[in-house]
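Chemist: The following block contains the structure, expressed as structure tokens.
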Amino acid sequence: MPGDDAVRRTVLHVIPSVAPRDGGPSAAVLGMGRALRTLGWDAQIATTDADGRTRLPVDLGRTVDHHGVPTIFFARALGVGFKWSPALAQWLRQHVTDYDVVHVHAVFSHSSMAAGRACQAAAVPYLVRPLGTLDPWSLGRKAWRKRLLMAGAGRRLLRGAAAMHYTTDEEGRLAETALRGLPRPIVVPNGVDDEWFQVGPAGANVTPRLLSMSRLDPKKGIDRLIAAFHSIADEPHARAWRLTIAGDGEPSYVSTLRALARDGAGRGRIDFPGWVHGRDKRALLAASALFVLASRQENFGIAAAEALAAGLPVVLSAGVNLAHDVRAAGAGWTAGETTEALADVLSLAMRGGEERRRRGARGRRMAEAFRWPAVAAALVDAYVTAASPDTPTRSAAGVVQSHAETPAHGLS
């Protein structure tokens, strides 16, 4: 461990990828690193060069500045999903003792399992942020692969953690319905950059637009959103509305979505501007009337949090864990899992301009809790507790068992 003058001041974040195409997790870990460094913590990232099926154009094996955070990249050797990297695992074994605490992001990835092994061998405390992967919905996807991984290194990773980091209470609740004996939970939301609070509604420039921003992936429920829009597009109050779907994904899936958009009553009023960022993204938020995230599963929903900070009311599906907090704050609308339920809620939200303004104002107040200084301070508390010699931690010999009565999740 570092000397006394550095105790509880160094943290290593280990994550499979920081590529922009990987969405919220990549953005969040960079935001965490920058915010922690403003509080005097030496926050660093270890990751791979994975960028989907391609690779990020980065130097390997040496620390570089990556969007304001010291980051060391290693080659992904095999596996687009698992992101196997022997070089990263070797580096972790050699250097994990340089840090007071390690923050592991993801579960079913080689980098996470390698970090857990290295920390346990060196008695370095670590936290695990599962990114929604312990949600029963997620555990049911590629279940056989997850059963196999959880039977070995995945189980060991969870057993040895000092704490589980969830971004919402609902994420933690769902994880604990699937698994017994998880380490103690801490709930710290993802952060939102100050620029989103400065967007402000565009007033007269706001158009009757439903806006969705996300990776274009089946998990995100874009197909359901398109179908819901088609089903209400001919209603008198909806005829002036457009649906804008910002984001990118696998070309074949994007083509499928475009075909769905052309086949219904709303055809000609559904736009696909591609991936937007920076000034263009802020302008699109400011000029929209309603933000929609229809994901089948989402442990937080950073794009929704940015919309809330900008004062834009949101419609969230029940699969978005942030929906529970939005409903409690009266900051938007939440919809059930079916296309019909989503269409009903969209139709209701599209009718009431004054109610949208009220809920947007509540959303901005709600989003104050997502400012990075508050998030970083909460993370520091978690790190200090984890690194304290008086903090009880779970042995790697602890028990993690599944609540499921069937082997569907493969964790029993």
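Chemist: Residue check: is residue 173 under 19 Å from residue 295 (Cβ atoms), open to solvent by 30 Å² or more (accessible area, probe 1.4 Å) and free of Cβ contacts under 8 Å to residues at least 40 places away in the same chain?
Modeler: On the way: under 19 Å from residue 295 (Cβ atoms): yes; open to solvent by 30 Å² or more (accessible area, probe 1.4 Å): yes; free of Cβ contacts under 8 Å to residues at least 40 places away in the same chain: yes.
Taking the combined requirement at face value, the residue satisfies it.
Chemist: Let me ask something else about it. Determine, yes or no, whether residue 312 is closer than 16 Å to residue 209 by Cβ, part of a loop (DSSP other than H, G, I, E, B) and of a type in the set (A, V, I, L, M).
Modeler: So residue 312 passes the test.
Chemist: Here is a further query. Can you name the residue in segment 340-354 that is open to solvent by 40 Å² or more (accessible area, probe 1.4 Å) and touching a residue at least 40 places away in the same chain (Cβ under 8 Å) and is also nearest to residue 207 (Cα to Cα) among such residues? Steps first, please.
Modeler: The first filter runs over segment 340-354 and keeps only residues open to solvent by 40 Å² or more (accessible area, probe 1.4 Å), leaving 340, 344, 348, 351, 354.
Cutting the leftovers down to touching a residue at least 40 places away in the same chain (Cβ under 8 Å) gives us 340, 351.
Details: 340: 25, 351: 14 Å.
Once the filter is applied, the top-ranked residue is 351.
Chemist: List the residue pairs whose Cβ atoms are under 6 Å apart, where the first residue sits in segment 311-331 and is over 22 Å from residue 228 (Cα atoms), the second is assigned to a loop (DSSP other than H, G, I, E, B) and hydrophobic (A, V, I, L, M, F, W, C), and the two are 6 or more positions apart or on different chains.
Modeler: Listed pairs, sorted by first residue: none to list.
Matching residues to (1) under 29 Å from residue 175 (Cα atoms); (2) open to solvent by 60 Å² or more (accessible area, probe 1.4 Å):
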| residue | (1), (2) |
| --- | --- |
| 63 | no, yes |
| 71 | no, no |
| 102 | yes, no |
| 113 | yes, no |
| 117 | yes, yes |
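Chemist: So which residues in segment 234-264 are open to solvent by less than 40 Å² (accessible area, probe 1.4 Å) and not aromatic (Phe, Trp, Tyr), if there are any at all?
Modeler: 238, 243, 244, 245, 246, 247, 249, 254, 257, 261, 264, listed by residue number.
Chemist: If you take the residues of segment 43-72 that are in contact with a Lys or Arg (Cβ under 7 Å, 6 or more places away or on another chain) and not in a strand (DSSP E or B), which of them is modelled with the lowest pLDDT?
Modeler: 52
Chemist: Which numbered condition in (1) assigned to a strand (DSSP E or B); (2) under 16 Å from the mean Cα position of the chain (by Cα); (3) not polar (S, T, N, Q) is the only one that residue 189 fails?
Modeler: With respect to (1) assigned to a strand (DSSP E or B); (2) under 16 Å from the mean Cα position of the chain (by Cα); (3) not polar (S, T, N, Q), residue 189 is out only on (1).
Chemist: Quick check on residue 284: is it touching a helix residue (DSSP H, G or I) at 6+ places or on another chain (Cβ under 7 Å) and within 14 Å of residue 213 (Cα to Cα)?
Modeler: Working: touching a helix residue (DSSP H, G or I) at 6+ places or on another chain (Cβ under 7 Å): no; within 14 Å of residue 213 (Cα to Cα): yes.
No: the conditions fail for residue 284.
Chemist: Which one of these is crowded, with 24+ Cβ neighbours inside 10 Å and at negative phi: 329, 305, 367, 318? Working first, answer last.
Modeler: Numbers: 329 fails: crowded, with 24+ Cβ neighbours inside 10 Å; 367 fails: crowded, with 24+ Cβ neighbours inside 10 Å; 318 fails: crowded, with 24+ Cβ neighbours inside 10 Å.
Step by step, each of 329, 305, 367, 318 is checked, and only 305 is crowded, with 24+ Cβ neighbours inside 10 Å and at negative phi.
Chemist: While we're looking at this one, here's another question. For segment 290-299, indicate whether the set of residues that are open to solvent by less than 10 Å² (accessible area, probe 1.4 Å), out of contact with any strand residue (DSSP E or B) (no Cβ under 6 Å at 6 or more places or on another chain) and modelled with pLDDT of 95 or more is non-empty.
Modeler: The answer is no; no qualifying residue exists.
Chemist: Moving on to the next point. Filter segment 35-61 for residues that are surrounded by 21 or more Cβ atoms within 10 Å (Cβ to Cβ), in contact (Cβ under 8 Å) with a residue 40 or more places away in the chain and over 11 Å from residue 10 (Cβ atoms) and give the result.
Modeler: The answer is 35, 46, 47, 48.
Chemist: Of all residues in segment 212-267, count the ones that are hydroxyl-bearing (Ser, Thr, Tyr), within 27 Å of the chain's Cα centre (by Cα) and assigned to a helix (DSSP H, G or I).
Modeler: Let us first name the residues in segment 212-267 that are hydroxyl-bearing (Ser, Thr, Tyr), namely 212, 214, 231, 244, 252-253, 255-256.
Going one step further and asking which of them are within 27 Å of the chain's Cα centre (by Cα), we end up with 212, 214, 244, 252-253, 255-256.
Still in the running and assigned to a helix (DSSP H, G or I): 252-253, 255-256.
The number of residues fulfilling the criteria is 4.
Chemist: What do you reckon, is residue 82 touching a helix residue (DSSP H, G or I) at 6+ places or on another chain (Cβ under 6 Å), over 30 Å from residue 377 (Cβ atoms) and modelled with pLDDT of 95 or more?
Modeler: Details: touching a helix residue (DSSP H, G or I) at 6+ places or on another chain (Cβ under 6 Å): yes; over 30 Å from residue 377 (Cβ atoms): yes; modelled with pLDDT of 95 or more: no.
So residue 82 fails the test.
Chemist: Is it the case that residue 276 is open to solvent by less than 40 Å² (accessible area, probe 1.4 Å), under 25 Å from the mean Cα position of the chain (by Cα) and modelled with pLDDT under 95?
Modeler: Details: open to solvent by less than 40 Å² (accessible area, probe 1.4 Å): yes; under 25 Å from the mean Cα position of the chain (by Cα): yes; modelled with pLDDT under 95: yes.
Answer is yes for this residue.
The values are calculated or read from the model by the stated rules, or taken from the named source; none is laboratory data. Here the structure is a predicted model, which means the values were calculated and not measured. Please note: Cβ atoms are built from the backbone with ideal geometry, for glycine as well, and neighbour counts cover all protein chains shown. For the accessible areas, the whole protein counts, side chains as well, though only heavy atoms, and no ligand, DNA or RNA atoms are used. Shrake-Rupley method; radii C 1.70, N 1.55, O 1.52, S 1.80 Å.
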